[in-house]
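Working notes for the structure below.
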Amino acid sequence: MTVQVTDIPLALYIHFPWCVRKCPYCDFNSHESGDSQERGAGGALSDDLQQAYVRCLNQDLQAELETVRNRSISSIFLGGGTPSLFNPKHLKALLGRISDNVDLSDDIEITMETNPGTAEYWQFEDYRDAGINRLSLGAQSFNADSLNQLGRIHAPEHIVLAVNKARAGGFENINLDLMYGLPSQDMDAALADIRAAVSLEPTHLSWYQLTIEPNTYFYRHPPVQPSDDMLADISDEGIKLLAAEGYARYEVSAYSRQRVCRHNVNYWQFGDYLGIGAGAHGNVSMYEAIIRRWKTRLPKDYIAHYHEASGQLPAGFRQAQIPNSELPLEFLMNALRLTDGFDLALFNARTGLSAEVLAPFLEQGKARGLLKVERNTIRPTARGMLFLDELLALV
C-alpha cells in the first residue's frame, strides 16, 4: 500500500479527562475531580493541576509533530471529560503554543465540549478570545427527571442559560448533544426534547440513542429502557421532526443546518488525526503504513510519564501499525456512518488499497438490501443505516 500523505486532512484531538461527576452511562476516559488537591475555588480544577496538565500536553504535541512536519491542521477538538473545567487563560496558552509549532488552516474549526452545569465557572467570551470558535454542549435532555436519572449536574434551564451566554460571548456555531431511549421515556417525551433543542436554534444537533456500555454503572445496574419497537418508532419520528425543522441528517447521529462538524467528518472519511492527552488516540498515515497511537489513560500516570520524559517519548506512549488486512473494516466502520457514503476513490486514497478488495462485501451488501452502489459511490440504504453492525459483519 502507498498513500499520498500530504493530500490527507490532519486534525488534532485534545483530551481533558476530568469531570465534576462521572455519568452512569459514560464509558469514556473521564475521572471525577474529587481529590481535594485537584479542586480549586467553586469546584473547578486547581490552577496547579491545570498548568501541569497543559505542560504535558505541550510535550505530548512535540512528540507527535515529529511525524507530521510540513502538514497543516484543519480542525482541533477539545473533548473530555469536561474541558470547560479549565481556565480559558490556560487553553489560550495551549492553543497559542500549538499555532507557534504547526500550521493551522485559515478557516480552522476549533471545538470545545462543555457541560451546561459548569457554564458558570468562566465567561464564554474568554473562551472565544482563546481561539475556540465552536461549542458542543452536553444537553442530553430537557426533562428534569431524565437528567437526574442520567446523573447530569445541570437542570433544563441551565441549557438555555448556557446557549444564551455562549451567543452573548460571540459563539455562532453551537452543537447540542441530545439522547433518546432514556429510562421510562415515551414518544412524547423524546419529541419534546427535540422541540426544546431546536427552539434554541443551534447550528448542529447530535441526536443519539442511549446505549448500555460495559464498565459503566448502567451496565451493572441496567435501567428500564423503551422497547425495541418504541426505539425504532422514536427514531423514525425524530428524524422526520428534525428534517421538518431544517436539520439535515448527514451521519447516523448528526444533523446540521449547513454547518457540519468538520472535525468529525474527517474521522468518518478516515482522515488523519493526532491525539494528545491522557488516554487519547491518534491515526497517522506514513506513506507505506497507517500508524495508530495511544497514551496512558490515568491522568496521574500521564502527568508523571511526561514529567519524567524530558523531551523523549514517555513510558505511556504506545503505537502500532494497522495491518493491511484490517484496513477495509477500519475504513468502512467510519465511512458507512455517512448518509452520502463514500466514493471508491476515497477508499484507495485513504488506505492505499485497491477498491477491488471490497468487491465481495459490496455484492453481499447489495444482495441483502443494506448497500446502494451507484457507479463509484457506495452508500448505506435506510435499512443499512439502521443495521450497520449487520452490514459491517459482511466485511
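The values are calculated or read from the model by the stated rules, or taken from the named source; none is laboratory data. Here the structure is a predicted model, which is why all the values come from computation and not from measurement. A quick note on method: Cβ atoms are made from the backbone with ideal geometry, for glycine too, and the neighbour counts reach across all protein chains shown.
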(request) Among the numbered conditions (1) within 30 Å of LEU147 (Cα to Cα); (2) modelled with pLDDT of 90 or more; (3) assigned to a helix (DSSP H, G or I), tell me where GLY79 comes up short. (result) (3)
(request) Output the helices (runs of 4 or more DSSP H) that fall wholly within the range 107-174 and possess 3 or more residues being within 21 Å of the chain's Cα centre (by Cα), closer than 18 Å to LEU78 by Cβ and free of Cβ contacts under 8 Å to residues at least 60 places away in the same chain, or say none. (result) 124-130
(message) I'm checking my understanding of the structure. Among residues of the range 277-301 that are outside any strand (DSSP E or B) and within 18 Å of LEU65 (Cβ to Cβ), which one is modelled with the lowest pLDDT?
(response) TYR287
(message) What's the total number of residues in the range 271-301 that are aromatic (Phe, Trp, Tyr) and either in the same structural domain as LEU61 (by TED's automatic domain parsing) or within 12 Å of ALA320 (Cα to Cα) (or both)?
(response) 1
(request) Only one of these is modelled with pLDDT of 95 or more, at positive phi and not β-branched (Val, Ile, Thr): GLY181, GLY151. Name it. (result) GLY181
(message) Quick check on LEU205: is it in the same structural domain as MET112 (by TED's automatic domain parsing), crowded, with 20+ Cβ neighbours inside 10 Å and of a type in the set (A, V, I, L, M, F, W, C)?
(response) yes
(request) Kindly establish whether GLU125 is farther than 22 Å from LYS240 by Cα, of a type in the set (Asp, Glu) and in contact with a His (Cβ under 8 Å, 6 or more places away or on another chain). (result) no
(request) Inspect all residues belonging to the range 242-251 and state whether any of them is within 14 Å of the chain's Cα centre (by Cα), within 22 Å of LEU329 (Cα to Cα) and assigned by TED's automatic domain parsing to the domain that holds TYR13. (result) yes
(message) Quick check on LEU338: is it at pLDDT 95 or above, in contact with a Ser or Thr (Cβ under 6 Å, 6 or more places away or on another chain) and under 30 Å from TRP207 (Cα atoms)?
(response) no
(message) Can you report the number of residues in the range 307-334 which are assigned to a helix (DSSP H, G or I) and at pLDDT below 75?
(response) 3
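For every residue, the table says whether it meets (1) among the aromatic types (Phe, Trp, Tyr); (2) in contact with a Leu (Cβ under 7 Å, 6 or more places away or on another chain); (3) under 20 Å from ASN143 (Cα atoms).
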position	(1), (2), (3)
TYR208	yes, no, yes
PRO214	no, no, no
TYR217	yes, no, no
PRO223	no, no, yes
ILE234	no, no, yes
ASN264	no, no, no
GLN269	no, yes, no
LEU274	no, yes, no
(request) State all residues of the range 233-276 that are in a strand (DSSP E or B) and of a type in the set (Asp, Glu); if no residue qualifies, say none. (result) GLU251, ASP272
(message) Within the range 203-221, does at least one residue satisfy the condition of being assigned to a loop (DSSP other than H, G, I, E, B) and more than 25 Å from PRO83 (Cα to Cα)?
(response) yes
(request) State which residue is nearest to the chain's Cα centre (by Cα) when the search covers only the range 182-199 and only residues that are assigned to a loop (DSSP other than H, G, I, E, B) and surrounded by 19 or more Cβ atoms within 10 Å (Cβ to Cβ). (result) LEU182
(request) Of the numbered conditions (1) free of Cβ contacts under 8 Å to residues at least 60 places away in the same chain; (2) under 25 Å from CYS23 (Cα atoms); (3) of a type in the set (Gly, Ala, Ser), SER206 fails exactly one; give the number of that condition. (result) (1)
(message) For the range 118-128, check the following and say yes or no: at least one residue is touching a helix residue (DSSP H, G or I) at 6+ places or on another chain (Cβ under 9 Å), surrounded by 21 or more Cβ atoms within 10 Å (Cβ to Cβ) and of a type in the set (Asp, Glu).
(response) no
(message) Being part of a helix (DSSP H, G or I) and either at positive phi or among the β-branched types (Val, Ile, Thr) (or both) is the filter here; which residues of the range 347-395 pass it?
(response) THR351, VAL357
(request) Return only the number of the condition from (1) at pLDDT 95 or above; (2) at positive phi; (3) among the aromatic types (Phe, Trp, Tyr); (4) surrounded by fewer than 22 Cβ atoms within 10 Å (Cβ to Cβ) that TYR267 does not satisfy. (result) (2)
